[in-house]
Amino acid sequence: PAVQACLQEMALCCSCRLSPQVPEALFLVSESPSYAGLSPDDAANVRGGVRALVADMGGYPLPVESFELAFPLLRFAVENPPVGSDVQDIAMKAISQHASPGQAWPSARIIGALVGVMVANARLRRGCGDLAVRHASLLAPRDIDELLDGCLAQDPSVRAAVLDCLAAVPGLPGPEPHQYLDATLFLLSHDADEGVRAKAAELWSKAGCGVEGLQSDQLTELLSHPTEGVRKMAAESLAELLRSNPGTVQETVQMLKSMYLDAKGAGVFTRSGVALALSSVAESLTKREIIVLFPTLCSDKDQGLTDPDEGVRAQMTHAGLRLIELQGQGCMELLTPMFENQLNKADSGTWQGDLLKEGVVIFMATLSKFLPKGDPKVASVVKRLLRTLQTPSESVQRAAAACLTPLVGMLGDAEAVSGVVKDDMDMMLMGEAYGDRRGGAFGLAGIVKGLGISALKAHDIMATLQSAAGDKKDPRKREGALFGFEALSERLGRLFEPYVIHILPILLNSCGDADEHVREAADAAAKAVMSQLSGQGVKLVMPALLQGVEDRAWRTKSAAVDLLGAMAYCAPKQLGTCLPTIVPVLSGAVSDSHIKVREGAKDALSQVGA
């Protein structure tokens, strides 16, 4: 009540008497930070207060002291779209009438409100930008805090509009330049938006800015900004600053490391910013900084590769790869023992341990690309990757398999290549554990991808797989062979299509296998194969599948029905082509005499119709 009474007294003291609704509305907005916090009656009173204020103006600007009092109400209206577009429009018009030169308008506060509107309301953005430029022309160079904050807006069109405002400030940078002006313009000169970059560069030159006065801490503090785009700009700006001041590299790296370690827990933005910065500054680093950073990346203490946040983990992995690609050749003797030591540790059985091993495997394989072809260390790394394939984690296995692809071609010895293929095939077909066989399949696909499709024939891979798939005594071999077909189809794509017609009978038989695990592997292989078929491939396999549905043996029928259902995983174009053929066949199978065939047909229809 005291605040409300005070506002009413102040309204009466204004040279332009304000209606009673105005101080009442001012009190309501002072008590509520947003429109959503108002009751329906209070919201109506706020809208009424804005209309009353505009009526009090009578189409003319208010005296400065009256506008100073009433401005919070107008600001509330333009910053809260739920107040209604009609109320926002008249509030904007009222503000726009208070921008004439020669008056002591609160231009800095007005600009702050207008920037807020540009951020939140695209409809009013253009009008706000023009009005903000008018008020910027009334500012002193020392009063640009609101504009510098607006330079960090998420939308590039807002950043561009704010730069236009800065360009309109008379006498910028002024006798005592704002401490953050240079850093902000330097930041925006690394904006992802070309138009913003150009405006920032022009203003940087016009204001006579230079990197000499920049402090790295002005940029590193922006690595914690909640907007990823700002963090990226800060990272790239920091990298350029280090190129200009190489003597500060060591100090900056230590600062980044400390920032990351101090930001555990809730500091996800900071950790993300540090990861982006490490990637950006990589080219300026030396062995001294590399040996400082990689223990942080490869630690098993919830940091770097095992960061709790998935996005930060990806950024840290990218940073490590960039560091290796740019500096790895000169740091092999430092990094290789570090990676090997981490990989030699016993499997922890935790997701953090899996992530760490996955990342270190990728780092080690990337580092090995610097070795000459035929170097004995290449064979050593390949053997390490084969052992890593036995890690019971699919993500680790896939990472190791992907790393095998470029390295197998670097072995430089046909006998060594044959040995790697044999070791991997033995793991896939005779491994005791499910994870061994699965990892061996991923490895085989990676090896063939690296050697080329001709490796399937050169190393008798297909013949070996077909033989293992028909081994009646050992279901593990049958399962492993099917894993191999699945992985090859997935990794090689259309290149594997000529072999599909030859393995189709195997898939038909395996779908009806007595062993549940073999049947599951056959189903997964069928889905992988079907997902890669071209239109020509569909034409090749269709007759065999349709013939299978007509077979007298119910197991063959059931398997053919399952494979027709797997066509749901074909590309949309291929699926659309074959639907007119397979739907009637499956519909007929729904009334088959055997329950397994009927149930399979219903499931298949559900799959292709989904």
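What helices (runs of 4 or more DSSP H) lie completely within the range 528-610 and have 3 or more residues being under 23 Å from G484 (Cβ atoms) and hydrophobic (A, V, I, L, M, F, W, C)?
Those helices (runs of 4 or more DSSP H) span 535-549, 554-566.
If a residue has to be under 22 Å from E490 (Cα atoms) and hydroxyl-bearing (S, T, Y) to count, how many in the range 396-434 make the cut?
Adding up the residues that qualify gives 2.
Let me confirm something: among E289, E283, which residue is over 16 Å from the mean Cα position of the chain (by Cα), more than 21 Å from P337 (Cβ to Cβ) and at pLDDT 90 or above?
Just one listed residue meets the conditions, E283.
State yes or no: is D515 surrounded by fewer than 19 Cβ atoms within 10 Å (Cβ to Cβ) and in contact with a Leu (Cβ under 8 Å, 6 or more places away or on another chain)?
no
What residue, of L563, L586, L575, L579, is over 20 Å from V518 (Cβ atoms) and buried (at least 19 other Cβ atoms within 10 Å of the Cβ)?
Exactly one of L563, L586, L575, L579 is over 20 Å from V518 (Cβ atoms) and buried (at least 19 other Cβ atoms within 10 Å of the Cβ), namely L586.
Looking at (1) more than 24 Å from G229 (Cβ to Cβ); (2) without any contact (Cβ under 8 Å) to a residue 40 or more places away in the chain; (3) surrounded by fewer than 21 Cβ atoms within 10 Å (Cβ to Cβ), can you tell me which one M338 breaks?
(2)
Kindly establish whether L138 is under 30 Å from A239 (Cα atoms) and in contact with a Phe, Trp or Tyr (Cβ under 8 Å, 6 or more places away or on another chain).
no
Condition check: in a helix (DSSP H, G or I), aromatic (F, W, Y) and on the phi < 0 side of the Ramachandran plot. Does F370 satisfy that?
Considered against the rule, which asks whether it is in a helix (DSSP H, G or I), aromatic (F, W, Y) and on the phi < 0 side of the Ramachandran plot, F370 comes out as no.
Among the listed residues L385, L326, which satisfies the condition of being surrounded by 18 or more Cβ atoms within 10 Å (Cβ to Cβ) and touching a helix residue (DSSP H, G or I) at 6+ places or on another chain (Cβ under 8 Å)?
L385
The values are calculated or read from the model by the stated rules, or taken from the named source; none is laboratory data. This structure is a prediction, so every number in the text was calculated from the model and none was measured. Cβ sites come from the backbone with ideal geometry, for glycine too, and all protein chains shown count toward neighbours.
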